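Take a look at the structure set out below.
The values are calculated or read from the model by the stated rules, or taken from the named source; none is laboratory data. Small disclaimer: the values here were computed from a predicted structure and weren't measured.
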Amino acid sequence: MRRAPTYAEPRFWKVLRKTDRHFRRQAPFGPYIVDFVCHEHRLIVELDGGIHDLPSVTARDVERDVWLTGRGYRVMRFTNQEVATDIDGVVQMILGRISADTPTPSPSPQGGGESRWS
């Protein structure tokens, strides 16, 4: 775990906490510390600085993502720059991903194409 967060993390955390989703920040996960995790939706969000452009770090990120996805979690990665320039867009992408993965109850509460009087 880093002693000090990147410049994007506190801003992102402040906005993320205003959503109705329960995320944890700097959470231990196996041999790793993930930036943000929502266990309910099995989603990990990583914010990457420029160092992640280095080939050795990119390779480590791939190994890490394989390990995390192997445990049934999805990983979404954003750059610090994306958060700095479009924090609301980043949060909307995350919430959209969660919403897309939330199954519709069966049968649908609105009812569906079935006629009760067949």
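Observations, loosely collected:
- Some residue of region 75-93 being part of a loop (DSSP other than H, G, I, E, B) and at pLDDT 90 or above: no
- Filter result for D35 (part of a helix (DSSP H, G or I), of a type outside the set (A, V, I, L, M, F, W, C) and within 24 Å of A100 (Cα to Cα)): no
- If you go through region 1-54 and pick out every residue that is at pLDDT 90 or above, aromatic (F, W, Y) and closer than 12 Å to T79 by Cα, you end up with 1.
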